[in-house]
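Everything below concerns the one structure shown next.
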Amino acid sequence: MNRPHVSFAGAVAIPALLLAAPAAAQGFPSKPVNLVVTVPAGGSIDAVARLIAADLAPVLGQPVLVVNRPGAGGNLAGESVARAAPDGHTLMISSSSTLTVNPHVYKNMPFDSIKSFAPIVMPARLNLILAVHPRHAVNTVKEFVELLKAQPGKLTYASSGNGTNPQLGGILFGMQTGTSSLHVPFGGIAPALNALLGGQVDYMFDSATSIPHVQAGKVKALAVVGPARLSSLPTVPALSELGFADMTAVNGFYAVMATAGTPADVVSRLNTEIVRIMRQPGVMERVNGMGLVNATSTPEQLGQAIADDLRRLGPIIREAKISLQ
């Protein structure tokens with residue numbers, strides 16, 4: 001989902017903040033940095049985390065440890081980072097849904113998406129893939145919709161958990177096509193994909209981990225959410241081409257966050273280094289190969305994207321009546 005370039009008036013205040021703040025970045029880091037991942041190992045968030053950690057560690061002169069802390073749609077990881085010391089030594093990488101969907105679906109949130117974190121950078125955007133098990137003799141979205149209508153409520157779709165973008169993809173697709181299916185949540189995108197590969201579920205809106213399996217013929221990719229096709233799946237149409245432009249609402253992004261109160265110069269240094277990493281040709285090629293969309297941002301742009309999606313996704317979630325404990 002592409003966003004127009006946004007100019008942030010508040011950005012002009014950053015140099016003054018850096019001058020006024022202690023020279024925190026000069027002593028940062030003084031110990032290993034923990035990069036907390038909201039999902040289990042094996043998914044695309046985890047893969048991006050490991051790309052960042054491998055290149056960031058030598059530049060910082062300290063180990064960057066990838067710590068997988070799945071659970072509650074990312075809330076467990078988010079809570080641990082929100083409560084960490086605000087010194088840049090504890091970071092989080094998550095799907096945007098942890099920050100923009102969870103506040104609408106969980107009755108008791110352990111953090112505030114805006115107030116509890118200091119945005120650092122958006123390392124990539126998502127373009128969800130409609131992936132179907134090959135046992136179904138369908139090759140187009142039209143044929144798949146006909147199958148769903150012929151078996152209302154019978155087919156199952158996997159997601160990376162309740163309240164995640166892949167679940168919203170299934171809900172919004174059902175709304176737009178007048179179909180219904182049974183949602184089966186998993187504790188991460190990797191186990192959800194394994195269920196699809198094993199035939200335990202019929203389809204899913206995948207965050208791109210299925211691409212190698214699509215290329216191997218183990219699952220069928222009928223469409224990507226859009227708005228554009230993926231370079232790694234150039235023959236697979238975008239749903240926006242097929243009259244489902246509103247589906248782009250469920251595309252999200254990845255976010256690297258620090259604890260609120262982290263010094264501005266530490267945030268600025270981390271942003272600079274992660275943007276450099278993500279713009280390296282080899283990294284860009286790997287990100288594209290995962291079905292992600294190369295994107296980087298300033299801290300202010302990431303903060304604005306989170307605020308925008310919090311506002312935009314609320315009506316969809318309320319209409320779908322998603323609510324979790």
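Read-outs: derived from the displayed coordinates by stated rules, not from any lab. Because the structure is a prediction, the values reported are computed rather than measured. Don't worry about glycine lacking a Cβ; one is built from the backbone with ideal geometry, like all the others, and counts go over all protein chains shown.
Charge dipole of the chain (Cα centre as origin; +1 on each Lys and Arg Cβ, -1 on each Asp and Glu Cβ, all else neutral): 320 debye, rounded to the nearest 20.
Taking amide H atoms as placed 1.01 Å from N in the peptide plane, the amide H of Ala223 lies under 5 Å from those of Leu130, each 5 or more residues away in sequence or on another chain.
A cut-off of 5 Å between modelled amide H atoms, ignoring neighbours fewer than 5 places along the same chain, links Val39 with Arg69. The Cα trace of the chain gives Rg and Dmax of 19.5, 65 Å, the first to one decimal, the second as a whole number. Annotation: extensible slack from Ser323 through Ser231 equals 29.6 nm (criterion: 0.36 nm per residue apart, minus Cα-Cα distance). With a simple spin-label model that places each label point 7 Å from the Cα along the Cα-to-Cβ direction, the separation between Arg50 and Lys154 comes to 4.0 nm. When the chain is described by a simple charge dipole with +1 on each Lys and Arg Cβ and -1 on each Asp and Glu Cβ, the residue from Asn34, Thr90, Gly74 located farthest towards its positive end is Gly74. Simple spin-label estimate for Lys115 and Ala307 gives 1.5 nm between the two label positions (7 Å along the Cα-to-Cβ direction from each Cα). For segment 129-249, a simple Cβ point-charge model (Lys and Arg +1, Asp and Glu -1, everything else neutral) yields a dipole of about 200 debye relative to the Cα centre. Principal-axis analysis of the Cα atoms of the chain puts helix 44-60 at an angle of about 20° to the longest axis.
Considering only alpha-carbon pairs that sit under 8 angstrom and 6 or more positions apart, the relative contact order computed for segment 129-249 is 32 percent. Along segment 74-88 the Karplus relation, 6.51 cos²θ - 1.76 cosθ + 1.60 evaluated at θ = phi - 60°, assigns HN-Hα couplings of x, 5, 5, 5, x, 5, 5, 6, 4, 9, 6, 4, x, 10, x Hz to successive residues, with x for each Gly and Pro. In the chain, the DSSP beta bridges split such that about 55 percent are antiparallel, to the nearest 5.
Residues whose amide H falls under 5 Å from that of Ser159, counting only those 5 or more places apart or on a different chain, are Val184, Phe186, with hydrogens built in the peptide plane.
Expressed to the nearest 5 percent, the antiparallel share of DSSP beta bridges inside segment 129-249 is 55 percent. Karplus-based coupling profile of segment 305-317, in residue order and whole Hz: 4, 5, 4, 5, 6, 4, 6, 6, 7, x, x, 5, 5, with θ = phi - 60° in 6.51 cos²θ - 1.76 cosθ + 1.60 and x standing for Gly or Pro. Multiplying each eigenvalue of the alpha-carbon gyration tensor of segment 129-249 by 5 and taking the square root yields semi-axes of 18, 17, 15 Å, largest first, rounded to whole angstroms. Arranged from fewest to most other beta-carbon atoms within 10 Å of their beta carbon, Arg83, Arg135 become Arg135, Arg83.
You can think of it this way: the chain between Asn294 and Ala216 has 25.7 nm of extra reach, that is 0.36 nm per residue less the Cα-Cα gap.
Approximating the spin labels as points 7 Å out from Cα along Cα→Cβ, the Val67-to-Leu182 distance works out to 3.9 nm.
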